[in-house]
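Q: Handing you a structure now.
The values are calculated or read from the model by the stated rules, or taken from the named source; none is laboratory data. Being a predicted model, the structure only gives us computed values, none of them experimental. Note that each Cβ is placed from the backbone with ideal geometry, even for glycine, and that neighbours are counted across all protein chains shown. SASA here: full protein model, heavy atoms, side chains in, ligands and nucleic acids out. Shrake-Rupley method; radii C 1.70, N 1.55, O 1.52, S 1.80 Å.
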Amino acid sequence: MDCTPDLSHQEQLSVVLRVVNGESSKGVSISEHFVGFLNVLDTTGKGLCESFLGHLETLGLDIANCRGQSYDNGSNMQGKKQGVQKRVLDMNNKALSVPCGSHTLNLVVGDAAKSSLTSISFFGLLQRLYTLFSSSVNRWAILTEHVKNLTVKVLSTTRWECRVDSVKAVRYQLPELVNALSALIEYATEKRDGTMFCSRSTK
């Protein structure tokens, strides 16, 4: 299970079940099934657990048959006293919890990058480029006129692997991006757009 707010600012809980089916004649088969988005108002361990159990009841599934849990490392999910995993484990001691490996790696990479001034400066520059061009329709039009394939993108704050898309736009189109910046300076000079010059870094 994982929670994320959608565009309408509703907190949605996505639920995926992994089913392990063992038959002596066919062996073991494993499949995963997405079983729904749940709108949740209470994102505490108690609220999420109640939403999950209610959904299982709707599906006609028994928590006693659960043999494992895997969530992100949030305290509401993995908390050892009040988290979802603890509440489920109290009902079924066979439902052992394993933290999501991808989320754990994401946290390690994020913390490592925050300890590097070079990394902070680099990704800060990418974010400023996006902010500069996306702050008006005219600026974005100048960008798309010069950069045809990959546009600059806002940095993802939760999924570090998504930042590669922000890097690609600069890595593979640096000359085009420089031309767009030059055109933007000409546009700002003509329109006397002082806000653009305030956002430029000086040496």
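Q: Here are a few candidate values for mean projected area of the Cα convex hull in nm²: [x] 16.7; [y] 11.5; [z] 12.4. Which one was actually calculated from the structure I just gave you?
A: Only one listed value fits the structure, namely [x].
Q: With every protein chain left in place, what is the accessible area of His146 in Å² (1.4 Å probe, nearest 10)?
A: Number for this one is 50 Å².
Q: In square angstrom, what is the accessible area per residue of region 1-128 with a 1.4 angstrom probe?
A: Roughly 66 Å² per residue, with all protein chains present.
Q: Quick check on packing: order 114-123, 169-178, 41-50 by the mean number of other C-beta atoms within 10 Å, highest mean leading.
A: Those peptides, ordered most packed to least, come out 41-50, 169-178, 114-123.
Q: Can you give the extra length, in nm with one decimal, that the chain gains between Lys191 and Val19 once fully stretched, where that is 0.36 nm per residue apart less the Cα-Cα distance?
A: Here the answer is 55.8 nm.
Q: Grab the DSSP H runs of the chain that are 4 residues or longer, score each as -39,500 (n - 2.57), total them, divide by all residues and round the 222 nm result to the nearest 500 deg cm²/dmol.
A: -15500 deg cm²/dmol
Q: How long is the gain from Thr44 to Lys168 if the chain were fully straight, where each residue apart is worth 0.36 nm and the alpha carbon distance is subtracted?
A: The Thr44-Lys168 span can extend by a further 40.9 nm.
Q: Any idea what the dipole of the chain comes to, in debye rounded to 20, about its Cα centre with Lys/Arg Cβ at +1 and Asp/Glu Cβ at -1?
A: 660 debye
Q: Angle, helix 101-114 long axis vs. longest principal axis of the chain, Cα atoms, 0 to 90°, nearest 10?
A: With rounding to tens, the tilt is 30 degrees.
Q: What percent does the relative contact order of region 75-130 come to when contacts are Cα pairs within less than 8 Å and at least six residues apart?
A: So the answer I get is 14 percent.
Q: With point charges of +1 on the Cβ of Lys and Arg and -1 on the Cβ of Asp and Glu, referenced to the Cα centre of the chain, which listed residue (Leu107, Ser14, Cys66) lies farthest in the positive direction of the dipole?
A: In the chain, that residue is Leu107.
Q: Using the reciprocal of the averaged 1/r over all distinct C-alpha pairs, how large is the Kirkwood radius of region 119-164 in Å?
A: Result for region 119-164, one decimal place: 11.4 Å.
Q: Leaving ligands, DNA and RNA out of it, report the carbon-plus-sulfur percent of the accessible area of the chain at a 1.4 Å probe.
A: 56 percent
Q: What number of lysine-lysine pairs in the chain show an alpha-carbon separation below 25 angstrom, given a sequence spacing of 8 or more or placement on distinct chains?
A: Qualifying lysine pairs in the chain: 15.
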